[in-house]
1. Do we find that residue 3 is surrounded by 15 or more Cβ atoms within 10 Å (Cβ to Cβ) and more than 24 Å from the chain's Cα centre (by Cα) in this structure?
2. Of the residues that make up region 198-215, is at least one β-branched (Val, Ile, Thr), assigned by TED's automatic domain parsing to the domain that holds residue 269 and within 16 Å of ligand 2 (Cβ to nearest atom)?
3. From 230, 255, which residue is within 16 Å of ligand 1 (Cβ to nearest atom), without any contact (Cβ under 8 Å) to a residue 40 or more places away in the chain and not assigned by TED's automatic domain parsing to the domain that holds residue 61?
4. Under the condition of being hydrophobic (A, V, I, L, M, F, W, C), within 14 Å of ligand 2 (Cβ to nearest atom) and more than 18 Å from residue 184 (Cβ to Cβ), which residue from region 249-275 is surrounded by the fewest Cβ atoms within 10 Å (Cβ to Cβ)?
5. Just name the residue that is farthest from the chain's Cα centre (by Cα) out of those in region 228-239 that are more than 6 Å from ligand 2 (Cβ to nearest atom) and not in a loop (DSSP other than H, G, I, E, B).
6. For the structure I just gave you, tell me whether residue 168 is surrounded by fewer than 17 Cβ atoms within 10 Å (Cβ to Cβ), part of a helix (DSSP H, G or I) and within 16 Å of ligand 2 (Cβ to nearest atom).
7. So, residue 318, is that one in a helix (DSSP H, G or I), at pLDDT below 95 and among the aliphatic types (A, V, I, L, M) or not?
8. Considering 218, 199, which residue is under 20 Å from residue 91 (Cβ atoms), among the hydroxyl-bearing types (Ser, Thr, Tyr) and part of a helix (DSSP H, G or I)?
Amino acid sequence: VVLAENGCSVTMWSRNDGQVSEINEDRTNGRYLPGTTLPERLAATTDMEAAVREAELILFAAPSSAMREVAAQAARYIKKDALCVHAAKGFEQVTLKRMSSVLAEELQRPEEEIVVISGPSHAEEVVRRCPTTVVVAAQSQQAAEKAQDFFINNYFRVYTNPDVIGVEVAAAIKNIIALGAGLSDGLGFGDNAKAALLTRGLAEIGRLGSAMGANMLTFAGLAGVGDLIVTCTSSHSRNWRAGSMLAKGMALEDVLHQMGMVVEGVRTTQAAHALAKHYDVQMPITEQLHAVLFEGKPPKNAVENLMGRGRTHESEEVAKDWSPHQSRPPHI
Ligand SMILES: NC(=O)c1ccc[n+]([C@@H]2O[C@H](COP(=O)([O-])OP(=O)(O)OC[C@H]3O[C@@H](n4cnc5c(N)ncnc54)[C@H](O)[C@@H]3O)[C@@H](O)[C@H]2O)c1
Ligand SMILES: O=P(O)(O)OC[C@H](O)CO
């Protein structure tokens, strides 16, 4: 919608015939964006070649679990100089790869040129033209600025950032924290608990991101704290809603069935759990979420375990400011 309103002729690809007819004939997409009239410049098709053949920019917006499959279908039709951007927030499940690596492999393009667009941006609010800020990240400044030119307008402000790793890690892990925030709200805990989850969640994002090579400053930006706030506090968030349903005692399978849309945080909890082991970083919230989602741990026990962890500094980095002789042995 943003691209069409910026003057681009947009062709949306979908595998779903009914959705394509609805978009082309009624100019609506009722299941996903009820109440929205889509711009005239936006058409839909089930024909991948027709969708991408002439495109100057391709925006891959499938869930991360489908990214490789969709990219593989598109690859052979994409123009050599087309800009490839993705909006997915997750890792590939088995390989634990970031989405820009998956795209670079399937599209056989240099990873430097793949762009990720991320930040606090619920689609439901963007289509209402509510002021929204996002970040586009690419190793290539030229690619990032080209994407910025395509997307920016007076209600959709786009910043650039060279830190693809930081943006992709933050985008993925915030969904785990949002599941936790939904659980916390569903259990009736208050604002203190949610602020704790957001803040200590950000510490977890920073620890994993830093181990993977991110710039810590990215986590203070739109893809980090910005998206964390929106996803943990908005009822638009599917991850938050899924968490609040789990708190009511619903089984994970039933929650996902009822949602009917992707809840990226579920698969990402598995991926991040594995990444934390691989990089040897502490991710206690992720660990407890993993236990709740996949090991049958009651959410209340997970909260007890989080609150009862061994005493620690708020930040090892900041604690270095104490002189060594003041230190006491760590508590159990
Ligand atoms: N919804 C938002 O506001 C928003 C904002 C920013 C980023 N994202 C990210 O964008 C990605 C997609 O999210 P969404 O909200 O559009 O999800 P969604 O569940 O609402 O829609 C996903 C669409 O992808 C299709 N799809 C799924 N698997 C497919 C496959 N194998 N082949 C072809 N099509 C397939 C589904 O049929 C559906 O139409 C996620 O990674 C999400 O985190 C979403
Ligand atoms: O609805 P969610 O929880 O998938 O979040 C959507 C976007 O990532 C918000 O920026």
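1. Against the criterion (surrounded by 15 or more Cβ atoms within 10 Å (Cβ to Cβ) and more than 24 Å from the chain's Cα centre (by Cα)), residue 3 does not qualify.
2. Within region 198-215, one or more residues are β-branched (Val, Ile, Thr), assigned by TED's automatic domain parsing to the domain that holds residue 269 and within 16 Å of ligand 2 (Cβ to nearest atom).
3. Criteria check complete, one pass: 255.
4. My answer is 261.
5. This residue is 233.
6. The answer is no for residue 168.
7. Yes, satisfied.
8. Just a single option satisfies the conditions, and that option is 218.
The values are calculated or read from the model by the stated rules, or taken from the named source; none is laboratory data. Since we're looking at a predicted model, the values are computed, not measured. A quick note on method: Cβ atoms are made from the backbone with ideal geometry, for glycine too, and the neighbour counts reach across all protein chains shown.
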